[in-house]
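The values are calculated or read from the model by the stated rules, or taken from the named source; none is laboratory data. Since the structure is predicted, the reported quantities are computational estimates derived from the model, not experimental observations. Virtual Cβ from ideal backbone geometry, glycine too; neighbours counted across all protein chains shown. Please note that ligands, DNA and RNA were not included when accessible areas were found on the heavy atoms of the full protein model with its side chains. Shrake-Rupley method; radii C 1.70, N 1.55, O 1.52, S 1.80 Å.
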Amino acid sequence: MSEHFEWLTHFFGHAIEHHTHVFGSLIVLAFLFICAVLVHFRYRNPQTELVPSTKKGLTTVFELSVQGILDLMEGVMGPNARKYLPLVGSLFIYIFVSNLMGILPGMNPPTSNVNTNLACALVVFVTYNVMGIRELGFKKYMQHFMGPIIWLAPLMFVLELISHLVRPMSLSIRLFGNIMGDHMVLGIFTALTKIGVPVIFLGLAVFVSFIQAFVFSLLSMIYISLATANEEHH
Amino acid sequence: MKKKLAALFAAISTIGVASLAMATEAAAPAVAGNSAGSALALAAGFGIAIAAFGGALGQGKAAAAALEGIARNPGAASKIQTPMIIALALIESLVIYAFVVALILQGKI
């Protein structure tokens, strides 16, 4: 593939060519931090902190997105959803904004590198295992791995172990493949037909960014709720 | 008419096989790094093609079921749409795994 122009290597030199995803993540963090600071003063003011905002603006965007994520979580996870909202909500917003960075010309989305995605997926993996052990106790959590019938336990243990180990890999590779493939397709079609048709692919990029962030956070919710499922809920 | 078609078919197949043979002769010294380069290229191309075929079939079935559900009950359209999107993304993720393997193979040519 030919050399693609990238703002970060343009400014910082070609030495960081393999590390641009870290700088991209820092840009995403800086953007989210600035948005949070802009919204902060409304929630510090005791007169306006309780009333949802009705004007068009950043606070409405925040409130709508957090309420939307919380509704989705309560649909999937039930009453414990509030406890996991910081993790899943942060993952959703971070992955969504990181994916959206690919639409800006000359920027590489940080999620088009497996390392960023693997970091997010490993956090989810460690979280659902630790929360499962904490809620159910170690013995009962291991019984999930044994399966329903006791004499099939050795076979079931190996199968369940493999399927659990594949989960963070599948989460990260799914996100990586979608975002990198989409970015490549956008680049190829922009080089091929320079005016008009790339708009369709930019729209596709927005759609795919949202759907992949949605699927990542939805699967994280499902893994956490499966790991912490109490038997009395059947 | 049939004789002309048979002659045309014979000519095209002869030229095709001859060019294929010449291509394999010419490709051997042209491969840069890997001696299995042509096999890797074939594997990458066929891998993603078969994966896209299977993925399209699966996604077509999911979309058809969702559309039939919406046609039966138009009021439940938004309730059907969200699980349909989730199902499409999960089916597509299998195609993406094959795409990633094809990319890795293509990088090793």
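It is to be established whether one or more residues within region B:48-55 are farther than 21 Å from A:V215 by Cα, within 14 Å of another protein chain (Cβ to nearest Cβ) and either surrounded by 17 or more Cβ atoms within 10 Å (Cβ to Cβ) or basic (K, R) (or both). Yes - at least one qualifying residue is present in region B:48-55.
Could you look through region A:42-90, keep only residues that are free of Cβ contacts under 8 Å to residues at least 12 places away in the same chain and of a type in the set (D, E, K, R), and pick out the one that is most open to solvent (accessible area, probe 1.4 Å)? Applying the filter and picking the extreme gives A:K56.
Which of the residues belonging to region A:1-16 are under 23 Å from A:I95 (Cβ atoms), open to solvent by 30 Å² or more (accessible area, probe 1.4 Å) and touching a helix residue (DSSP H, G or I) at 6+ places or on another chain (Cβ under 8 Å)?
In the first step, residues of region A:1-16 are kept if they are under 23 Å from A:I95 (Cβ atoms); the result is A:4, A:6-8, A:16.
If we keep only those that are open to solvent by 30 Å² or more (accessible area, probe 1.4 Å) as well, we get A:4, A:7.
Result: A:H4, single match.
So that you can scan it fast, the table gives a plain yes or no per residue for (1) within 27 Å of A:A81 (Cα to Cα); (2) open to solvent by 70 Å² or more (accessible area, probe 1.4 Å):
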| position | (1), (2) |
| --- | --- |
| A:L155 | no, yes |
| A:L161 | yes, yes |
| A:S170 | yes, no |
| A:L186 | no, no |
| A:F207 | yes, yes |
| A:Q212 | yes, no |
| A:I222 | yes, no |
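Pairing each residue of region A:107-134 that is free of Cβ contacts under 8 Å to residues at least 40 places away in the same chain with any residue that is part of a helix (DSSP H, G or I) and not β-branched (V, I, T), provided the two are 6+ apart or on different chains, yields C-beta distances under 6 Å for A:I133/A:Y141.
Go through region A:189-234 and give me each residue that's among the β-branched types (V, I, T), in a helix (DSSP H, G or I) and away from every other protein chain (no Cβ under 14 Å). Across region A:189-234, the qualifying residues are A:T190, A:V199, A:I200, A:V206, A:I224. Select from region A:31-41 the residues that are under 27 Å from A:N99 (Cβ atoms), without any contact (Cβ under 8 Å) to a residue 40 or more places away in the chain and open to solvent by 50 Å² or more (accessible area, probe 1.4 Å) and list them in ascending order. A:F33, A:I34, A:V37, A:L38, A:H40 - these are the residues of region A:31-41 that are under 27 Å from A:N99 (Cβ atoms), without any contact (Cβ under 8 Å) to a residue 40 or more places away in the chain and open to solvent by 50 Å² or more (accessible area, probe 1.4 Å). Just one of the listed residues (A:S98, A:S65, A:S112) is modelled with pLDDT under 90 and within 17 Å of the chain's Cα centre (by Cα), namely A:S112. Residues of region B:66-109 that are assigned to a helix (DSSP H, G or I) and β-branched (V, I, T): B:I70, B:I80, B:T82, B:I85, B:I86, B:I91, B:V95, B:I96, B:V100, B:V101, B:I104.
Against the condition hydrophobic (A, V, I, L, M, F, W, C), touching a helix residue (DSSP H, G or I) at 6+ places or on another chain (Cβ under 8 Å), modelled with pLDDT of 85 or more and in a helix (DSSP H, G or I), how does A:L38 come out, does it pass? Yes, satisfied.
I'm trying to understand the selection: among the residues of region A:141-187, which are of a type in the set (V, I, T), more than 14 Å from chain B (Cβ to nearest Cβ) and part of a helix (DSSP H, G or I)?
Going through region A:141-187, the residues of a type in the set (V, I, T) turn out to be A:149-150, A:158, A:162, A:166, A:173, A:179, A:185.
Filter once more, so that each one left must be more than 14 Å from chain B (Cβ to nearest Cβ): A:149-150, A:158, A:162.
A:I150, A:V158, A:I162, listed by residue number.
Hey, any hits in region A:145-152 for a residue that's surrounded by 15 or more Cβ atoms within 10 Å (Cβ to Cβ) and touching a residue at least 24 places away in the same chain (Cβ under 8 Å)? So far as region A:145-152 goes, no, none of its residues is surrounded by 15 or more Cβ atoms within 10 Å (Cβ to Cβ) and touching a residue at least 24 places away in the same chain (Cβ under 8 Å).
Tell me which residues, restricted to region A:88-117, are assigned to a helix (DSSP H, G or I), over 21 Å from A:G177 (Cβ atoms) and in contact with a helix residue (DSSP H, G or I) (Cβ under 6 Å, 6 or more places away or on another chain). Lay out the reasoning, then the answer.
Taking region A:88-117 and keeping what is assigned to a helix (DSSP H, G or I), we get A:88-103, A:110-112, A:114-117.
So of that shortlist, the ones also over 21 Å from A:G177 (Cβ atoms) come out as A:88-90, A:93.
Selection gives A:V88, A:G89.
Per-residue answers, yes or no, for (1) charged (D, E, K, R); (2) closer than 28 Å to A:P168 by Cβ:
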{"site": "B:G45", "(1), (2)": "no, no"}
{"site": "B:A52", "(1), (2)": "no, yes"}
{"site": "B:G55", "(1), (2)": "no, yes"}
{"site": "B:Q59", "(1), (2)": "no, yes"}
{"site": "B:K79", "(1), (2)": "yes, no"}
{"site": "B:T82", "(1), (2)": "no, yes"}
{"site": "B:V95", "(1), (2)": "no, yes"}
{"site": "B:V101", "(1), (2)": "no, yes"}
{"site": "B:I109", "(1), (2)": "no, no"}
